[in-house]
1. Of the conditions (1) in contact (Cβ under 8 Å) with a residue 12 or more places away in the chain; (2) farther than 18 Å from A:Tyr148 by Cα, A:Thr22 fails just one. Which one is it?
2. How many of the residues making up the range B:1-23 are touching a residue at least 40 places away in the same chain (Cβ under 8 Å) and facing chain A (nearest Cβ under 8 Å)?
3. Filtering the range A:341-369 down to residues that are surrounded by 17 or more Cβ atoms within 10 Å (Cβ to Cβ) and in a loop (DSSP other than H, G, I, E, B), which residue is nearest to the other protein chains (Cβ to nearest Cβ)?
4. Name the single residue, out of those in the range A:107-131 being in a loop (DSSP other than H, G, I, E, B) and surrounded by fewer than 19 Cβ atoms within 10 Å (Cβ to Cβ), that is modelled with the highest pLDDT.
5. Just one of (1) over 19 Å from the mean Cα position of the chain (by Cα); (2) on the phi > 0 side of the Ramachandran plot; (3) of a type in the set (A, V, I, L, M, F, W, C) trips up A:Leu64, so point out which.
6. Is there a residue being part of a loop (DSSP other than H, G, I, E, B) and either modelled with pLDDT under 95 or at the interface with chain A (Cβ under 8 Å from one of its Cβ atoms) (or both) anywhere in the range B:24-34?
7. Count, please, the residues in the range A:217-269 that happen to be closer than 18 Å to A:Tyr333 by Cβ, within 31 Å of the chain's Cα centre (by Cα) and of a type outside the set (A, V, I, L, M, F, W, C).
8. Test of understanding: among A:Glu209, A:Glu190, A:Glu268, which residue is under 28 Å from B:Leu34 (Cα atoms) and surrounded by 11 or more Cβ atoms within 10 Å (Cβ to Cβ)?
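The values are calculated or read from the model by the stated rules, or taken from the named source; none is laboratory data. Here the structure is a predicted model, which is why all the values come from computation and not from measurement. All Cβ positions, glycine included, derive from the backbone under ideal geometry; neighbour counts span all protein chains shown.
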Amino acid sequence: MRDDVQALIRAPCEREEGEAMTKFKVVHYLNQFFAGVGGEEKADVGPGAREGAVGPGMALAQVLGDTGEVVGTVYCGDNYISENAEQATQEVVELISQFRPDIVIAGPGFGSGRYGLACGQVCQAVKESLDIPVLTGVHKDSPAAETYKGKVLMASTKDSAAGMAEAIATIARLASKLVKKEELGPAMEEGYIPTGRRVNRFSDKTAAERAVDMLMRKLRGEDPRTEWPLPKYEQVPPADALANAANSTIAIVTEGGIVHRGNPEMLESGWATKWVRFDTAEEPEMTPDKFQSIHGGFDTTAASAEPNRMVPLDAAREMEKEGDIGKLHDYVYSTTGNMGPIASFKKFGQEIAAELSSAGVQGVILTAT
Amino acid sequence: MGASRIVKGKAIPHPVGDPSQPYEGEKELRKEMLKKALEALETEVASPTIFST
């Protein structure tokens with residue numbers, strides 16, 4: 001690491017000419033290991049503080065040069081902070097606030113689970129209670145990257161401390177920008193984990209030219225550098241087959257924006273933030289005087305005129321009477337399935353599935369638009 | 001998109017309906033689709049599978 005750090009010292013953070021020499025004050029958060037307290041056997045140690053830089057903070061201080069100063073280091077054992085989250089985080093924030101920092105930098109936590117999460121947790125708490133910029137660094141596939149995405153700015157690091165010098169360089173550069181309240185460029189260029197925020201930019205090349213450039217990079221075996229990374233779709237393992245629908249409780253769920261007429265539930269027509277549930281135990285069918293669709297992704301005329309076209313309750317009731325369905329569940333579940341983030345819908349799905357499962361529902365028919 | 005058992009819907013604005021048909025015809029269409037859906041639920045699948053009506 002030493003050689004890398006030396007190389008970095010030769011390229012300290014840029015400072016505009018004439019700018020005041022005042023250094024911004026950094027408080028650095030570390031776990032017990034990086035703070036030099038001890039390894040796994042010391043993971044139960046409670047929060048503590050030291051003046052100045054410790055461990056990776058020394059490298060950070062060197063890279064910051066005369067732009068910033070690590071005035072203090074606050075640490076906590078990984079187990080302690082994960083097991084006493086609320087209280088430990090509060091103690092850490094109090095220790096941090098005593099140094100009156102301009103910015104708090106945590107970690108980097110790399111690919112680790114507990115440490116990375118602790119870094120995110122501390123950053124979020126500092127941001128909320130002290131209202132100063134915060135920054136950490138983690139690997140893109142670490143639990144913290146998923147948990148704190150869009151909540152805490154995270155430099156994108158390697159998955160182990162072998163990437164320390166590189167991580168510290170990125171963190172120092174981002175920290176200077178944050179303190180100076182400079183607008184950050186795109187995640188890929190600045191080296192942070194994408195926050196989910198999208199900003200329009202003009203390009204001097206047409207989309208066709210950029211696509212060919214990308215193809216050429218790919219053919220040359222380089223990173224094609226997509227402008228639009230594809231979302232990662234999870235593969236959901238199929239549920240076991242139902243033994244016999246005629247003996248089973250079946251529920252109907254829809255993402256077709258079905259609501260009670262007038263939408264008293266105030267379900268959104270897109271970017272849904274919730275799902276709704278209707279008691280249909282006494283309903284022989286879905287009638288337009290009681291139900292309608294407010295989905296924003298298609299013309300709802302047909303579904304609102306005849307809501308059975310979205311929730312096939314009329315047909316399902318007949319099949320229940322005729323014995324094809326053991327019992328129809330007493331509730332229909334609905335949300336609006338367009339526009340929103342997959343993470344929201346995953347959460348809705350888990351919540352609805354949990355209710356259905358505890359109500360003894362064995363099979364679900366989901367009508368989708 | 002992760003759905004394991006799929007029965008093709010009639011159209012986006014009315015997945016289980018057909019406004020060009022009289023009500024009784026539409027309801028029959030819904031029953032056929034639901035029967036196919038129950039058949040799908042009763043079938044073991046290893047990956048996303050389309051069940052045709």
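1. (1)
2. Count: 4.
3. A:Thr369
4. Residues of the range A:107-131 that are in a loop (DSSP other than H, G, I, E, B), as a first pass: A:111-113, A:131.
Then keep just the ones that are surrounded by fewer than 19 Cβ atoms within 10 Å (Cβ to Cβ); that gives A:113, A:131.
Numbers: A:Gly113: 91, A:Asp131: 95.
The residue in question is A:Asp131.
5. Of everything listed in (1) over 19 Å from the mean Cα position of the chain (by Cα); (2) on the phi > 0 side of the Ramachandran plot; (3) of a type in the set (A, V, I, L, M, F, W, C), A:Leu64 misses just condition (2).
6. No, because not a single residue in the range B:24-34 is part of a loop (DSSP other than H, G, I, E, B) and either modelled with pLDDT under 95 or at the interface with chain A (Cβ under 8 Å from one of its Cβ atoms) (or both).
7. 9
8. Going through A:Glu209, A:Glu190, A:Glu268 in turn, the sole match is A:Glu268.
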